[in-house]
């Protein structure tokens with residue numbers, strides 16, 4: 001486990017890459033950001049993180065718990081409830097993740113504009129306007145497939 | 001495209017979610033971080049971003065270019081070469097991504113320790129030591145499958 005080399009996320013053999021992989025997922029980022037405001041129960045997380053399935057929420061919470069970022073606590077209520085909270089390690093990620101969320105919320109119109117321009121320039125994607133031409137990666141991939149056909 | 005609601009990454013219908021999705025991938029994060037040091041050609045990126053396949057590198061570069069984060073430039077050399085560089089929009093992501101990379105490189109031993117402890121407590125995963133018990137999500141998922149069997 002101990003490495004003589006300096007830890008680097010660019011090295012696929014380094015555990016730092018694994019750590020990056022764990023947190024570089026939209027569900028992990030959204031769940032950790034949601035929990036930054038305080039402990040939450042499963043149902044509240046399901047409502048807050050729009051679009052997440054119960055299966056994906058459970059799996060992501062399990063991975064985050066297993067790696068020490070989230071703690072699971074059973075409340076002694078009737079019926080007993082489970083709540084999730086950030087551990088100190090999970091909290092230490094807060095600033096970095098918040099930075100990504102804020103960047104996305106501030107800059108998405110620039111990405112949308114760049115994508116529309118790019119697709120129009122390549123003579124594709126202009127058939128459907130605005131966001132309805134689906135997500136950034138879908139639109140670009142579809143265009144690529146169209147060009148190859 | 002214009003929304004009356006405040007943009008939120010928690011809203012699956014908001015373009016801010018799409019923007020987060022584009023950048024919340026280990027390959028996008030690693031490629032954008034690599035390019036933060038200056039323009040690079042395909043071969044140099046392939047060597048720098050350990051473990052990436054040519055196919056995944058090409059696809060990710062295309063998505064980042066299509067969304068205005070990376071610019072592709074053909075150099076008038078013999079033979080002609082292509083280099084990739086960050087756009088000003090791509091550069092604006094730098095601080096947030098650098099924060100994630102540094103967090104991973106600084107904290108992976110804590111994740112490794114938490115995971116080993118968690119798996120040992122559940123009576124699984126202690127069969128194989130250290131990092132050889134594979135990545136954070138694999139180890140946790142394998143444990144979960146073992147518990148269900």
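The numbers here are math on the coordinates, done by the rules we state, and not lab data. Remember, predicted model here, so these are calculated numbers, not experimental data. Quick reminder, even Gly has a Cβ in these numbers, built from the backbone with ideal geometry, and neighbours come from all protein chains shown.
Descriptive notes on the structure:
- Label-point gap, in nm, between residue A:113 and residue A:6 - each point 7 angstrom along Cα→Cβ: 3.8 nm
- Counting, for every residue in A:91-104, the Cβ atoms of other protein chains within 10 Å of its Cβ and taking the mean gives 6.
- Between copies, residue A:94 shows label-point distances of 2.8 nm, shortest first, with the point placed 7 angstrom from Cα along Cα to C-beta.
- Label-to-label distances for residue A:106 across copies, nearest first, come out at 2.0 nm, using points 7 Å from Cα in the beta-carbon direction.
- Mean-position separation - Cα centroids, segment A:63-120 and segment B:13-44, in angstrom: 18 Å
- Across the copies of the chain, residue B:13 has label points (7 Å from Cα along Cα→Cβ) spaced 5.0 nm apart, shortest distance listed first.
- Footprinting exposure proxy for B:81, A:118 (fewest neighbouring C-beta atoms within 10 Å first): B:81, A:118
- Dimensionless Rg over Rh [segment A:1-109; C-alpha; Kirkwood]: 1.02
- By the count of other C-beta atoms within 10 Å, a proxy for reagent exposure, A:70, B:9 are ordered fewest to most as A:70, B:9.
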